[in-house]
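The values are calculated or read from the model by the stated rules, or taken from the named source; none is laboratory data. Bear in mind that the values here come from a model prediction, so they are computed numbers and not experimental data. Methodologically, a virtual Cβ is constructed for each residue, glycine included, from the backbone with ideal geometry; neighbour enumeration extends over all protein chains shown. Note: areas computed on protein heavy atoms with side chains; ligands, DNA, RNA excluded. Shrake-Rupley method; radii C 1.70, N 1.55, O 1.52, S 1.80 Å.
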Amino acid sequence: MILALHDYWSAQGCLILQPYDMRVGAGTFHTATTLRALGPEPWNAAFVQPCRRPTDGRYGENPNRLQHYYQYQVILKPSPPNLQELYLKSLEVIGIDPLKHDIRFVEDDWESPTLGAWGLGWEVWCDGMEVTQFTYFQQMGGYDCKPVAGELTYGLERLAMYIQNKDSVYDLAFNTPNENGPAFTYGDVFLENEKQMSKWNFEVADTDALFDLFNKAEAECRNALNAGVPIAAYEQAIEASHIFNLLQARGVISVQERASYMGRVRDLARGACVAHVEKETPRWTEEYPEWQA
Amino acid sequence: MTDFLLELRCEEIPARMQKGARADLAKLFRAQMDSAGITLGDLTIWSTPRRLALIARNLPEQTEAVSEEAKGPPEGAPDQAIEGFCRKNGVTRDQLELREVKGRATYFAVKNVPGRAVKDVLAEAIPAIIRAFPWPKSMRWGAASASTESLRWVRPLSGILALFGEELVDCEVHGVTSGLVTLGHRFHHSGDITIGHVDNYQDKLRACHVIVDHAEREALIRQKASEAAQAAGLTLVEDEGLVVENAGLTEWPQPLLGRFDEAFLEVPPEVIQLTTRINQKYFVCNDASGKLANAFICTANIAATDGGVAIVAGNEKVLAARLSDARFFWDVDRKKQLADHAEGLQRITFHEKLGTVADKVERVAKLARWLVEEGIVTPQTGAIAPQIVTPAQAGGQSGDTQPSQPDSRLRGNDEGAVKQLADQVELAARLSKADLVTEMVGEFPELQGLMGGYYARAEGLPDAVADAIRDHYKPVGQGDDVPHVPVTVAVALADKLDTLVGFFQIEEKPTGSKDPFALRRAAIGILSLILENELRVSIFDLITAAAHPGKSAEAGQEIANFLIERLKVQQRDADIRHDMVDAVVAVEQGGDNVRMVKRIAALQAFIGTEDGANLLAGYKRAANILKKEDWQGDEAEISRTGEEDPLALVDDPDLAPVIRAKMAERHLAEISYEPEVAEKALIEALSEAEPRAAAAVAAEDFEGAMAALATLRAPIDAFFETVIVNAPEREKRSSRLSLLAQFRAAVHNVADFSRIEG
């Protein structure tokens, strides 16, 4: 499925990238999305991104809710006029027949206060299941997107459940068995991880250590900002964001503190975006004289 | 006469915005035609997720030529004025005409605006309408969005069909050029559909699997969903909001029935309904006994090649996962008791200056208990209100405020019953917010209270406690059910009082339209609870009891005033005039709202009678005279004459009317002149009426008090008719003014008539 998507989007002119090697909550955190959505340069890319959502852990007991799963992300800047058609064709490429399955675009506006970002779009339903988030980015890091990028985020497990007609993510076939290797299911690969990681996220993780890590990431982000390396600063912002999510899962952040922590993460992420834009602006304005931040 | 068809196509328009968009399209189109002088009949406006369509019938081919005249300055006016006039009207000086106006030669500008082709008018109107479209949320897209000036629309605008008769209305906006073609269903039809005439539009689209008329789609969903339920031996739970939403999500709606595992029915039905409705936009069904069935109806947007088998299977899978999540929450939450959940409230801040939710719960528990111990809420509270007592619902399936059977031990007002009520109230209050930290409420915040009630019942707490936890947020604003059972009333009242008083004490008051802490709603809730349950208590005592220790206590009067303002709003909705409220509030200082409202109602009824209206007129006349004469009243007179009347020194307010009546009596005896007939009659009537009214007020017989006042109407009318107040003799004048002052005081004893308008 991933190979089919790679082939398809590569043919549409997308660079095929690899996952960002950090713990993130969504493919949007990949620098290929966040930082590339800023500025005037055209950018088309596709990649798989593993995602961690500690509070979504269900100890392996829910058929499609996981604390660790995979997204397939496509970003196209500027958004092409036939983006919906391109997307629908990609579904056909991976084997979803739109005259057999009910595909719908249901309003779902996207907002990430931590990234200072928002966009309008839909969640795409396939027979009532959200399989893709479809967004036209309007702002990123507090900046208007000029031009606007279109972002497609496919939930790979959910799509696979459709294609393989399985009721549970854990029953998905992970491979095609042959004489050299036996069959593996998604459960064989990940069920134990889900059980253990749910327990760790919700019950075990040392909260004092997490608070400490959060503070350290925050300090390091500022250090990187001061040194004029915004991409490094952005990585620390991502780190702080994930640690915040872990603290949330541990239930040790009150409502009031929550706002304050989110504010701190937002300041880091936006600080990195601002620094990135400032650093790149001379080049952008030289190449695109019309462009303004 | 020619028909016009406009279709604006775009990527999927959010369902909730389509109704507003239809209205906006009609409004903008009418405004455009209006300014071009084109008269319109009815418009047909349709919407689907992918298009807005407008049909205007019988438009003229040409707008009419109009001749406009403007009158300018007279001949000989300064050049500047004449040139300014020319500029304003877009004419040159030699085009001006001179005409006689009232004997003066005056310049006139005559502009002949020729008729225009309506097609041209439309070609200009379409881009103007698109640019001015007021979407609640709009966006930029594509390469053009490199500029912030680019067009904003709800989603990318993709096509314009503009047909006038059989001709194209040629226009362009944001790179989208108008054409004569439209598109059919996204999956059932590919390629352009050429529309030759407006009359073919609807049918051609239908042939391509698009029902363009939203009302037709809605009717279809209603009918087919109901049929699908019937075919399965079930009844559809009607939901008009879902009908409209699904019609806004589909061009070719196909309701299909699916099932879920019966085992999920152990989860409370409200949870199942909420997750199916909000998350999946499915209808639910009831079985023959009226209970929720393990079935749902989804609305697909295609006529599937397999008849919908795969779609139903897919939706069943999704719902199973959703319900599995709900059951996970339901199971996890019940592993702990509410009291254990409540400990988590220490981690949730209620407000920075008002502590944690746990702190709030502690205050509410104390206050609620106090309400019982002070006898404000009693075991009989609510019993007077009309209510249907239903048997305790064993499964607790009901989400409404139907009270459970009151515990028989709570009947009677003995100490034991009061103590038990107080204990239950305190327990319910302590557990009232515990569900906020449960998984279920975390996922579905709208289930707060309701889930607490379920969990309380599940752990075997008394129904009265579970009901109180469930219903203590009620009433949520005006029109919501008001609790009538004692435990709930106490907790609900205490919760709202704590919120209202606390936020006022930290100066977080509502201003203008801003009321972030919903204090107006809290105040209305407090009033409704007091009035509907006839709780006899001074609002001042309540405010004092609810005051947060260590916080400013000065807010008391302000809170009372705020409540009075809310009372006026509430009374207004009950058709009670605000001036009636003012007239009573001015004399009711005790803060007993039940008493106040009875008095207000009696006053309004009285003022509505002929006696009342005339008495008011007499009162106003008396008050005006007293004001004009700057009459200082008895005390001033006494101090002026240096005499001291020992009766005037009695300052017990309860005795005041009696004293005044006594003084009036003596006054009559002391008058040295022969009073006129009407004067004497008034003195006598007053001495009768005043104590009667006072006694009636004390006994809360406000109708009686009004009736006593009514006896003054004829005497006061006669007095004004035949007696001259401002008599030349000083004594007569003084005595008569004093009499009027007494009359005014007697009326004031019932209500401050000076605040009544009219």
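Please work out the FRET efficiency for the pair B:ASP261 and B:ALA65, using the Cβ-Cβ distance as r and a Förster radius of 56 Å; give the result to the nearest 0.05. Walk me through the numbers before you get to the answer.
On the way: r = 74 Å, r/R0 = 1.32.
Calculated transfer efficiency: 0.15.
Of the cross-linked pairs B:LYS27/B:LYS71; B:LYS335/B:LYS433; B:LYS360/B:LYS568; B:LYS496/B:LYS598, which ones have a Cα-Cα span greater than 21 Å in the structure shown? If you can, show how the numbers build up before the last one.
On the way: B:LYS27/B:LYS71 33 Å; B:LYS335/B:LYS433 17 Å; B:LYS360/B:LYS568 29 Å; B:LYS496/B:LYS598 23 Å.
Those over the limit are B:LYS27/B:LYS71; B:LYS360/B:LYS568; B:LYS496/B:LYS598.
Compute the distance from the alpha-carbon center of segment B:590-618 to that of segment B:4-47, in whole Å.
Centre-to-centre distance over Cα atoms comes out at 52 Å.
Could you tell me how many cubic angstrom of Cα convex hull volume segment B:702-758 has per residue?
95 Å³
Could you tell me how far the Cα centroid of segment B:512-551 sits from the Cα centroid of segment A:1-51, in Å?
Cα centres, segment A:1-51 to segment B:512-551: 55 Å.
Can you compute the equivalent ellipsoid semi-axes for segment A:18-105, i.e. the square root of 5 times each eigenvalue of the Cα gyration tensor, sorted largest first and rounded to whole Å?
25, 23, 9
Using the Kirkwood radius over Cα pairs, work out the Stokes-Einstein diffusion coefficient for segment B:187-262 at 25 °C and 0.890 mPa s, in µm²/s as a whole number.
Values: Rh = 14.1 Å.
Translational diffusion coefficient: 174 µm²/s.
If you build the convex hull over the alpha carbons only and average its shadow over all orientations, what do you get for segment B:20-137? Give it in nm² to one decimal.
Value for segment B:20-137: 10.8 nm².
Which percent of the accessible heavy-atom area of segment A:48-114 goes to carbon and sulfur, probe 1.4 angstrom?
Carbon with sulfur: 48 percent of the solvent-accessible area.
For chain B, what's the relative contact order in percent, using C-alpha pairs closer than 8 Å and at least 6 residues apart? Numbers along the way, then the final one.
On the way: 1182 pairs, mean separation 54.5, N = 758.
It rounds to 7 percent for chain B.
Give me the mean projected area, in nm² to one decimal, of the convex hull enclosing the Cα positions of segment B:257-390.
Approximately 13.8 nm², given one-decimal rounding.
Quick one: if you stick a label point 7 Å off each Cα along the C-beta vector at A:ALA183 and B:LYS27, how many nm between them?
6.1 nm
Kindly express, to the nearest 10 degrees and within the range 0 to 90, the angle between helix B:198-207's C-alpha long axis and the longest C-alpha principal axis of chain B.
Tilt of helix B:198-207: around 80 degrees.
Percent of accessible area on chain B owned by carbon and sulfur, 1.4 Å probe?
Values: 16810 of 33800 Å².
Exposed carbon and sulfur together represent 50 percent of the surface.
Computed over the Cα atoms of segment A:162-210, what is the ratio Rg over Rh, Rh following Kirkwood?
1.21
What does the charge count near B:VAL361 come to, summing +1 for each Lys or Arg and -1 for each Asp or Glu among other residues with Cβ under 15 Å from its Cβ?
0
Rounded if a/c is under 1.5, else prolate if a/b beats b/c, else oblate: with a ≥ b ≥ c from the C-alpha gyration tensor eigenvalues square-rooted, which is chain B?
The shape class here is oblate.
Largest first, please: the extent of the C-alpha atoms of chain A along each principal axis, to the nearest Å.
Dimensions of chain A along the principal axes of its Cα atoms: 56, 49, 39 Å.
Whole-Hz ³J(HN,Hα) for each residue in segment B:149-158, computed from phi via Karplus 6.51 cos²θ - 1.76 cosθ + 1.60 with θ = phi - 60°, x for glycine and proline: what do you get?
7, 5, 4, 10, 8, 4, 8, x, 6, 10
log₁₀ I(q)/I(0) of segment B:486-582 at q = 0.12, 0.19, 0.20 Å⁻¹, via Debye over equal Cα point scatterers, no solvent, to two decimals?
At q = 0.12, 0.19, 0.20 Å⁻¹ the computed log10 ratios are -0.37, -0.93, -1.03.
Mind grabbing the interface size between A and B? I mean buried accessible area, both sides, 1.4 Å probe, in Å² to the nearest hundred.
Adding both sides of the contact gives about 4100 Å².
Using just the alpha carbons, could you tell me how many Å³ per residue the convex hull of segment A:188-289 encloses? It would help to have the intermediate numbers written out before the result.
On the way: hull volume 13.3 nm³, N = 102.
Dividing the Cα hull volume of segment A:188-289 by its residues yields 130 Å³.
Measuring from a point 7 Å past the Cα of B:ASN58 along Cα-to-C-beta, which residues in segment B:14-43 have an amide N at less than 11 Å?
Once the point is set 7 Å along Cα→Cβ of B:ASN58, B:40-42 turn out to lie under 11 Å by backbone N, inside segment B:14-43.
How many Å² of accessible area per residue for the protein assembly as shown, probe 1.4 Å?
44 Å²
Over the residues of segment B:66-113, compute the C-alpha Rg and express it relative to 2.2 N^0.38 Å.
My calculation over the Cα atoms of segment B:66-113 gives 1.06.
Taking 7 Å along the Cα-to-C-beta vector as the label spot, tell me the A:ASP7-B:GLU100 distance in nanometres, rounded to one decimal.
9.5 nm
Per DSSP helix of 4 or more residues, -39500 (n - 2.57); summed, then divided by the residues of the protein assembly as shown. What does that give at 222 nm, rounded to the nearest 500?
Numbers: 34 runs with 478 residues, N = 1051.
Calculated at 222 nm, the ellipticity per residue is -14500 deg cm²/dmol.
Which helices, taking whole DSSP H runs in chain A, have alpha carbons extending 24 angstrom or more along the helix axis plus mean Kyte-Doolittle at least 1.0?
Counting only whole DSSP H runs, no helix qualifies.
What's the angle, to the nearest 10 degrees (0 to 90), between helix B:677-698's Cα axis and the longest principal axis of chain B?
Between helix and principal axis, roughly 70 degrees.
Taking only the alpha-carbon positions of segment B:214-334 and ignoring solvent, what does the Debye formula give for the base-10 log of I(q)/I(0) at q = 0.12, 0.16, 0.23 Å⁻¹?
With no solvent term, the Cα-only Debye profile gives -0.41, -0.72, -1.39.
In square nanometres, what is one fourth of the surface area of the convex hull spanned by the alpha carbons of the protein assembly as shown?
62.4 nm²
Please compute the Kirkwood hydrodynamic radius over segment B:103-185, one decimal place, Å, based on all pairs of different Cα atoms.
One over the average 1/r among Cα pairs gives 15.7 Å for segment B:103-185.
Report, in whole Å, the centroid distance computed from the Cα atoms of segment B:683-728 and segment A:61-80.
About 82 Å separates the Cα centre of segment B:683-728 from the one of segment A:61-80.
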